[in-house]
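Just so it is clear, none of the values below were taken in a lab; they were calculated from the coordinates. Since the model is a prediction, treat every value here as computed from it, not as a measurement. For neighbour counting, all protein chains shown are included, and Cβ atoms are generated from backbone atoms with ideal geometry for every residue, glycine included.
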Amino acid sequence: MILRATHRTLYSYSMPSIESQNEVRLMPLNDASQTCIEFRLSINPHCRVFSYDEPGGTVHYFGVRSAHPLLEIVAEALVETHLENPFEGLNLLEHDWDFYELKSTRQANAEFLAESPYITLNDEVREIATQVRQTSNESVADFLLRLARWIHVSLTYDPDATHVHTKLHEVLVIRAGVCQDFAHLMIACCRILGIPSRYVSGYLFVGGADGMRGEQATHAWLECLLPDGRWLAVDPTNDLLPNDRYVAVHTGRDYSDVTPTRGVYVGTPAKSLDVSVSVDRLDVCSPVI
């Protein structure tokens, strides 16, 4: 499937900003599940853009040194997705938890097993994870599917319940949130049982699939390391294993590592912030430029 994703961020200031320094994580990944065919990042006011790669993806950064009443960031990407059947090759029957007891597994994935800025490994998280594991069979994949279903059913999807700075312990109190919160809870449950798990930001093409959540903004899900070495993507918000409708942009320990736009500026507080995301399917590979 060929998808075109457009991510637009507009900062408007009550008084012109004198200077701003910014970094963005908006370029889709290249991996076995997808190919980023083209990517363009447009900044208004125009300025030079630089980039570097980190383990979770590509980071672009730039500075605007002239006075400006607004800052517009538009990322356009053309991506071909390949993963049609995420269930292919999954072990759903046999016991394979011993992999997580290996010292080599824990050492190689330490950052995806520990607490992080948005994720706390407390007694309530352990209780949820243990409860779900007791209802599953002996395979890790079966546990992950059941955990995703439990979170999907137990948390209310409510865009007004949380914000980007909401931490996991707050979500556990209100039992509501958005895709970021669903992903954080499942990551915590996996880590507390020794399953390395990482946060994924990206986009979702709904295109006629009624009832799916996450099309109008940056979507979030997670990836869990399976005993066969494969990172399995799981979307508890929609109770699905991501397929070729998903475009992964960046990975990290939690949301703090994948923030789409981040920056500082000199001037009065921002008057407004507007973010819009659109994802369309193309029949032919049309360039973004």
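Can you give the charge dipole size of segment 97-257 about its Cα centre, rounded to the nearest 20 debye, using +1 on the beta carbon of Lys and Arg and -1 on the beta carbon of Asp and Glu? Could you put the intermediate results ahead of the total?
Numbers: 14 positive and 22 negative charges, 44 e Å.
The dipole magnitude comes to about 220 debye.
Order these by the 10 Å Cβ neighbour count, fewest first: Tyr52, Tyr265, Tyr11. Could the numbers behind the result be given before it?
Numbers: Tyr52 9, Tyr265 19, Tyr11 22.
Final ranking by Cβ density, sparse to dense: Tyr52, Tyr265, Tyr11.
Could you give the length gained by full extension between Leu282 and Asp53, i.e. 0.36 nm per residue of separation minus their alpha carbon distance, to one decimal place? Walk me through the numbers on the way to the answer.
Details: separation 229, 0.36 × 229 = 82.44 nm, distance 2.82 nm.
Full-extension gain reported as 79.6 nm.
Specify which residue in the list Thr135, Met1, Trp221 is farthest towards the positive end of the charge dipole of the chain, using unit charges on the beta carbon of Lys, Arg (+1) and Asp, Glu (-1), about the Cα centre.
So the residue furthest toward the plus end is Trp221.
Which value in deg cm²/dmol, rounded to the nearest 500, describes the helix-derived mean residue ellipticity at 222 nm for the chain, given -39,500 (n - 2.57) per DSSP H run of n ≥ 4 and division by the residue count?
On the way: 5 runs with 55 residues, N = 289.
After summing the helix terms and dividing by the residues of the chain, the value is -6000 deg cm²/dmol.
Taking only Cα atoms and a 10 Å spring cutoff, compute GNM fluctuations for the chain and point out the largest among Arg48, Arg126, Arg198.
Arg48
Please identify the chymotrypsin sites (Phe, Trp or Tyr not before Pro) of segment 54-120 that satisfy two criteria: DSSP loop assignment and at most 15 other Cβ atoms within 10 Å. Which are they? Spell out each step's value before the answer.
Numbers: sites: Tyr61, Phe62, Phe87, Trp97, Phe99, Tyr100, Phe112, Tyr118; in loops: Phe87, Tyr118.
Sites meeting the loop and neighbour criteria: Phe87.
Size of the chain along its principal axes in angstrom, Cα-based, largest extent first?
That gives 60, 43, 39 Å along the principal axes, largest extent first.
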